[in-house]
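Visitor: Have a look at this one before I ask anything.
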Amino acid sequence: MLLQQEPQLRELRIFDLHLGPWLEELKTGPVQVTAIQGDVTQAHEVAAAVAGAHVVIHTAGLVDVFGKTSPETIHEVNVQGTRNVIEACVQTGTRFLVYTSSMEVVGPNIKGQPFYRGNENTPYEAVHRHPYPCSKALAEQLVLEANGRKVLGGLPLVTCALRPTGIYGEGHQIMRDFYHQGLRLGGRLFRAIPASVEHGRVYVGNVAWMHVLVARELEHRAALMGGQVYFCYDNSPYKSYEDFNMEFLGPCGLRLVGTRPLLPYWLLLFLAALNVLLQWLLRPLLLYAPLLNPYTLAMANTTFTVSTDKARRHFGYEPLFSWEESRTRTIRWVQAVEGSAQ
Ligand SMILES: NC(=O)c1ccc[n+]([C@@H]2O[C@H](COP(=O)([O-])OP(=O)(O)OC[C@H]3O[C@@H](n4cnc5c(N)ncnc54)[C@H](O)[C@@H]3O)[C@@H](O)[C@H]2O)c1
Ligand SMILES: CC(C)CCC[C@@H](C)[C@H]1CC[C@H]2[C@@H]3[C@H](O)C=C4C[C@@H](O)CC[C@]4(C)[C@H]3CC[C@]12C
């Protein structure tokens, strides 16, 4: 997105634990693209990568709501990693920092209270216990508190945080998992969540576009945007998690069975708790990390959607991809997954 949409771009550094072969394709244009294999938990590696950069977009993170990694590791990567990024900016004199936060910094909370088409000012009791949202909330707080700190050279750091809802689009691993599960079940998926529960979703291209706009505008609107949070949204329709997935999986041949959940909620909760027990029992032998656990069930079963125009008002954001385009691109990607699986 930066290479396509940012005419002022001179150099792009990509810092990640895992560098994919796709990065090579980015190196063929006029902009210098440097891929750096590194770990955000290593302060010196981060500082070396950040030195001399005009703006840092910190999106690296450990996204795990399935118990694959320990809470300590999640904290180390998401919180200490973010601390390292902030310190690197301060020490090397980089003035603009954009952080990829998450809707989960707000909710759904442990009480399962609905957040219905809320905005950045909607009152909501943001209380978490799960390591992932806890880590994102702490990291976001660090980023916002760092706004105004003096960086090398004496000028103030300008920071802001973007909170995407559930991201979908090309490369969406969980969508791929649901697709394969549907194929295994003879082209069917069984409804587990009531259709009335709205779950916020945003297309990956629009998330990237919002980051590019913020990176561009932070310098010019530092007083307005510094220390602010913005939900990351677009015109994707409000639907339940499963009905939304069917927008893509339906055209790829899957069918969602049932107008109401097939299993009662208490049974799902029981199965989710059983999965936690099995995960714990099997840990010495293998990693058992199914999609269903009490946390993911609560996420899917609690209404959480945003309706806001703060990003438009503050820095002129309009989604780059319409809903139709986002949908078409995602369907094409699922179909390509299908093609490669055969
Ligand atoms: N997927 C979503 O629905 C969603 C929603 C809201 C916010 N987010 C946030 O967006 C960001 C990207 O998430 P994603 O879904 O694309 O996940 P992802 O796992 O695809 O991307 C995270 C990237 O961070 C890198 N990374 C992990 N640990 C690292 C480390 N120690 N050092 C350097 N790099 C490391 C990974 O290699 C990966 O490329 C995360 O910060 C996540 O919290 C994701
Ligand atoms: C009960 C089952 C039938 C369905 C389980 C679906 C579950 C795996 C899904 C539902 C909601 C999903 C999360 C949501 O879209 C938002 C985010 C925020 C982001 O920061 C990280 C990813 C995450 C947690 C999604 C993970 C998968 C979830 C829990």
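Visitor: Kindly rank 102-115, 28-41 from highest to lowest mean number of other beta carbons found within 10 Å of each residue.
Guide: Result, highest mean first: 102-115, 28-41.
Visitor: Give, as ranges by residue number, the residues of the stretch 59-83 whose backbone N falls under 18 Å from the point 7 Å along Cα→Cβ of Trp280.
Guide: Only 66-72 fall inside the zone, counting backbone N under 18 Å.
Visitor: For a quick check of understanding: with a 1.4 angstrom probe and all protein chains in place, what accessible area in square angstrom does Cys89 have, to the nearest ten?
Guide: Spelled out: Cys89, probe radius 1.4 Å, area about 0 Å².
Visitor: Further question on the same structure: If you place +1 on the Cβ of every Lys and Arg and -1 on the Cβ of every Asp and Glu, how big does the dipole about the Cα centre of the chain come out, in debye to the nearest 20?
Guide: 540 debye
Visitor: Same structure, new question: List the equivalent ellipsoid semi-axes of the chain in whole Å, largest first, each obtained as the square root of 5λ for an eigenvalue λ of the Cα gyration tensor.
Guide: Details: eigenvalues 230, 101, 90 Å².
Ellipsoid semi-axes (Å, largest first): 34, 22, 21.
Visitor: Between 0 and 90 degrees, rounded to the nearest ten: what's the tilt of helix 265-282 against the longest Cα principal axis of the chain?
Guide: With rounding to tens, the tilt is 70 degrees.
Visitor: With every protein chain present, what is the per residue accessible area of the stretch 190-263 (1.4 Å probe, Å²)?
Guide: Per residue, the stretch 190-263 has 38 Å² of solvent-accessible surface.
Visitor: Who wins for biggest fluctuation among Ile193, Ile174, Ile86 in a Gaussian network model of the chain, springs between alpha carbons below 10 Å?
Guide: Residue with maximal mean-square fluctuation among Ile193, Ile174, Ile86: Ile174.
Visitor: Another one. Counting only protein chains, not ligands or nucleic acids, how are Trp266, Trp323 ordered by accessible area (probe 1.4 Å), most first?
Guide: Heavy-atom accessible area, descending, gives Trp266, Trp323.
Visitor: Work out, step by step, the length gained on full extension between Ala48 and Arg332: first 0.36 nm times the residue separation, then minus their alpha carbon distance; give nm to one decimal.
Guide: Once the chain is fully extended between Ala48 and Arg332, it gains 98.4 nm.
Visitor: Projecting each Cα onto the charge dipole of the stretch 182-283 (Lys/Arg +1, Asp/Glu -1 at the beta carbon, about the Cα centre), which of Gly250, Leu274, Gln228 comes out farthest on the positive side?
Guide: Leu274
Visitor: Please name which of Gly186, Ile174, Leu152 has its Cα lying farthest along the dipole of the chain towards the positive end, using unit charges on Cβ (Lys, Arg +1; Asp, Glu -1) and the Cα centre as origin.
Guide: Gly186
Visitor: Grab the other residues whose beta carbon is less than 11 angstrom from that of Thr159, score K and R as +1, D and E as -1, and report the net.
Guide: Net charge around Thr159: 0.
Visitor: So for the chain: antiparallel DSSP bridges make up what percent, rounded to the nearest 5?
Guide: The antiparallel fraction comes to roughly 5 percent.
Visitor: For Arg255, list long-range residues whose amide hydrogen, built 1.01 Å from N in the peptide plane, is under 5 Å from its own amide hydrogen.
Guide: Amide H to amide H, under 5 Å and 5 or more residues apart or across chains, Arg255 pairs with Arg188, Leu189.
Visitor: When the accessible area of the stretch 58-98 is computed with all protein chains present and a 1.4 Å probe, what percentage of it is carbon and sulfur? Walk me through the intermediate numbers first.
Guide: Working: 870 of 1590 Å².
In the stretch 58-98, the share of accessible area belonging to carbon and sulfur is 55 percent.
Visitor: Let me know the whole percent of all Cα-Cα pairs from the stretch 19-72 that are separated by more than 14 Å.
Guide: 69 percent
Visitor: Where nothing but the Cβ of Lys and Arg (+1) and of Asp and Glu (-1) is charged, how large is the charge dipole of the stretch 245-324 around its Cα centre, in debye to the nearest 20?
Guide: Working: 6 positive and 4 negative charges, 39 e Å.
Here the size comes out at about 180 debye.
Visitor: Projecting each Cα onto the charge dipole of the chain (Lys/Arg +1, Asp/Glu -1 at the beta carbon, about the Cα centre), which of Gly118, Leu26, Tyr288 comes out farthest on the positive side?
Guide: Positive-most Cα among the choices belongs to Gly118.
Visitor: For a quick check, take a GNM of the chain with Cα springs below 10 Å and name the residue from Glu170, Glu219, Glu325 with the largest mean-square fluctuation.
Guide: Its mean-square fluctuation being the largest, the pick is Glu325.
Visitor: Same structure again: Around Arg313, with a cut-off of 15 angstrom between Cβ atoms, what is the net charge of the other residues, counting Lys and Arg +1 and Asp and Glu -1?
Guide: Its environment carries a net charge of -1.
Visitor: Among Ser101, Ser307, Ser70, which one shows the highest mean-square fluctuation when the chain is modelled as a Gaussian network with alpha-carbon springs under 10 Å?
Guide: It is Ser70.
Visitor: Pop the C-beta distance of Trp266 and Ser196 into the FRET formula with R0 = 25 Å and round what comes out to the nearest 0.05.
Guide: 0.85
Visitor: I've got another one for you. From the convex hull of the Cα coordinates of the stretch 251-342, what is the mean projected area in square nanometres?
Guide: The orientation-averaged projected area of the Cα hull of the stretch 251-342 comes to 10.3 nm².
Visitor: Measure off 7 Å from each Cα along the Cα-to-Cβ vector at Ala223 and Leu17, then give the distance between these two points in nanometres to one decimal.
Guide: Once both label points are built, they end up 4.2 nm from each other.
The values are calculated or read from the model by the stated rules, or taken from the named source; none is laboratory data. Just so you know, these numbers come straight off a predicted model, no measurement behind them. Neighbour counts run over all protein chains shown; Cβ positions are idealised from the backbone, glycine included. Just the protein is used for accessible areas: all its heavy atoms, side chains included, with ligands, DNA and RNA removed. Shrake-Rupley method; radii C 1.70, N 1.55, O 1.52, S 1.80 Å.
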